[in-house]
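What follows draws every value from the coordinates through simple rules; no lab data is involved. Here the structure is a predicted model, which means the values were calculated and not measured. In this analysis, Cβ positions are derived from the backbone assuming ideal geometry, glycine residues included, and neighbour counts consider all displayed protein chains.
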Amino acid sequence: MDFQPILDDIVEAIRPELGKEGRVANYIPALANVPAAQFGIALRTYVGREAAAGDFATPFSIQSISKVFALGMGMRLTGESLWEHIGREPSGSAFNSLVQLENEQGVPRNPFINAGAIALVDRLLGHLDPKAEMLALLSSLCNEPVFFDEVVAASEAATGFRNIALANFMKSFGRIENDIDGVLDAYFHHCSVRMSCQQLARAAAVLCADGAHPFHADQKVLTERQTRRINALMLTCGTYDAAGEFAYRIGLPCKSGVGGGIIAVVPDTLSLCVWSPALDHTGNSLLGMRALEMFTSMTGLSVF
Ligand code: DON
């Protein structure tokens, strides 16, 4: 299939909608000023063919998309014991909700809500430097150096009262081993990574190739089973309380971030990244979601 004309058509269809609906995330002050009227899309097939359109080369804050790669690191390091600390069920509530944690004794529902990712970073800290390892992993997977946005990381540290509360709450249940400040510093830095759609489509290609490195096919970054499981968790938990809507309308494992990016995986076929900063009420990119729906309608690609 020639994907370039499809992506060009999607950009044409989205362009008149830019800036009309949705709101840029403003609870992180450093993200509040990102111009909303931007849209990019990029994909990479498991054999390395690429297509891209719109603002595909513009770097943005990957935010919660980093949680997918943190999970990959956690699975590689701690294996099954990871699941003694973090659940694997959809939360059905907002990504920064405190409510469930009280009822469930400080064990987060899954690794893709904020509490889950904070608990995951705590596990990683026992083995490695999560900040350095995140940059090394993402830079290797997309074949270009990527960096933290220190302004965004500092902005989150200064205003991340909910995340600070989540970390302290889990600590009160004895679920966090390390010093809270160190855990949150690594978590905020993970969220602050800046990448473009093209870089994220390349990095996420590991998930459409049974865990093989996108640029070195003979190198396994994840096992086939780990990759399948990450994709399963993305489908069920990757977009918070909109996971049902994503499965219904798009039919692919997806992971979103409040920077407006969404990665999507067609297993054994391709990985895709869309970006548009204006979000809907669930914190997912409004036009990004619409573009993914167009892509799966036009190509017939789906996991179902
Ligand atoms: O911790 C936060 O709230 C943000 N750094 C990440 C949240 C996020 O991207 C959730 N996405 N929809």
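Label reach from N143 (point 7 Å along Cα→C-beta): in the stretch 1-35, amide nitrogens under 19 Å belong to 3-4. For the stretch 43-127, the set of GluC sites (Glu not before Pro) satisfying both a DSSP loop assignment and a count of at most 16 other C-beta atoms within 10 Å is given as E104.
Tell me, rounded to the nearest percent, the portion of alpha carbon pairs in the stretch 1-137 spaced more than 24 Å apart. Of the Cα pairs, 51 percent sit more than 24 Å apart.
When +1 charges are put on Lys and Arg Cβ atoms and -1 charges on Asp and Glu Cβ atoms, the dipole computed for the chain relative to its Cα centre reaches about 240 debye. Farthest towards the positive end of the charge dipole of the chain, among the residues S64, I41, M1, is the Cα of M1, using unit charges on the Cβ of Lys, Arg, Asp and Glu. Loop-resident chymotrypsin sites (Phe, Trp or Tyr not before Pro) (DSSP state other than H, G, I, E or B) in the stretch 176-250 with no more than 15 further Cβ atoms inside 10 Å of their Cβ: F215.
Legend: residue pairs K131/K255; K171/K220; K67/K220, Cα-Cα distance threshold 27 Å; pairs beyond threshold, K171/K220.
In whole angstrom, the stretch 17-78 maps to an equivalent ellipsoid with semi-axes of 26, 21, 8, each derived as √(5λ) from the alpha carbon gyration tensor and ordered largest first. Once the Cα atoms are used to define both axes, helix 66-78 deviates from the longest principal axis of the chain by about 60 degrees. Applying 1/(1 + (r/R0)^6) with r as the Cβ-Cβ distance of S172 and A94 and R0 = 25 angstrom yields a FRET efficiency of 0.75. All Cα-Cα separations within the stretch 133-259 were binned at 5 Å from zero, giving a P(r) of 2, 10, 15, 16, 19, 19, 14, 5, 1, each value a whole percent of the pairs. Taking Q38, Q100, Q199 as the candidate residues, the one with maximal mean-square fluctuation in a Gaussian network model of the chain, Cα springs under 10 Å, is Q100. What list of ³J(HN,Hα) couplings, whole Hz, do you get for the stretch 284-294 from phi and the Karplus terms 6.51, -1.76, 1.60, once you set θ to phi - 60° and write x for glycine and proline? Using θ = phi - 60°, the values come out as 9, 4, 5, 6, x, 5, 5, 5, 5, 5, 4 Hz.
Can you give the FRET efficiency for A37 and S297, using 1/(1 + (r/R0)^6), R0 = 22 Å, r = Cβ-Cβ distance, to the nearest 0.05? After rounding to 0.05, the efficiency reads 0.40. Using the Cβ of Y27 as centre and a radius below 12 Å, the other residues enclosed give a net charge of +1, where K and R count +1 and D and E count -1.
Any idea what the relative contact order of the stretch 4-299 is, in percent, if you count C-alpha pairs under 8 Å spaced at least 6 apart? Answer for the stretch 4-299 is 28 percent.
Diffusion coefficient of the chain by Stokes-Einstein, Kirkwood radius over Cα pairs, 37 °C, 0.692 mPa s: 174 µm²/s. Simple spin-label estimate for E21 and E150 gives 4.0 nm between the two label positions (7 Å along the Cα-to-Cβ direction from each Cα). Taking the chain as a Gaussian network, where each spring joins two C-alpha atoms under 10 Å apart, which residue of A217, A153, A291 fluctuates the most? Ranking A217, A153, A291 by mean-square fluctuation puts A217 first. Summary of the geometry: the stretch 38-104 and the stretch 153-220, compared by the centres of their Cα atoms, lie 8 Å apart.
Applying both filters, DSSP loop and at most 14 other Cβ atoms within 10 Å, to the trypsin sites (Lys or Arg not before Pro) of the stretch 150-189 eliminates every site. Summarising the label geometry, the points placed 7 Å from Cα in the beta-carbon direction at R194 and D181 lie 2.7 nm from one another. Expressed as a fraction of 2.2 N^0.38 Å, the value expected for a compact globular protein of N residues, the C-alpha radius of gyration of the stretch 57-146 is 1.15.
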